[in-house]
1. For segment 20-93, calculate the relative contact order in percent as a whole number, restricting contacts to Cα pairs under 8 Å that are 6 or more residues apart.
2. Based on the Cα gyration tensor of segment 20-93, what are the three equivalent ellipsoid semi-axes, each the root of five times an eigenvalue, rounded to whole Å and given largest first?
3. Under a plain spin-label model, where a point goes 7 Å from the Cα along Cα-to-Cβ, how far apart in nm are Glu25 and Lys76?
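Please treat every number below as a calculation from the coordinates, not as lab data. The model shown is predicted, which means the values in this text are computed figures rather than measured ones. Glycine also receives a Cβ, built like all others from the backbone with ideal geometry; neighbour counts cover every protein chain displayed.
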Amino acid sequence: MNILQFPDVVGMYQGAKNANLEREEVDAFVSATYSSWLTFLWRSGTSRWALWLGEGKAMQDAATAAYLTLTQLQAKNFLTLTVPSDMLVADNLSKFDTRRVVK
């Protein structure tokens, strides 16, 4: 299993459509999937094996970057993200810059 692989959101919506699930149910499931994926990346980044391999900080940075990107969907009431509070401390978030480039 590749832990940096993004959840298959399109597949989730297609499967939910086939199962006749309501949009709110699917949004909740997608939110839970992304929240658990972000939490897994963040917490795994503090594990001894990740720190020993030198990948711990990269995993935490990946989780933070994905969270900041997904918050755009949260602002549109598409997702509800629940992540560890230590990921949201100002010292961590201040290391990232979100910019949208419009051509």
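1. 35
2. Taking √(5λ) for each Cα gyration eigenvalue gives 26, 14, 8 Å.
3. Going by the 7 Å Cα→Cβ label model, 2.4 nm.
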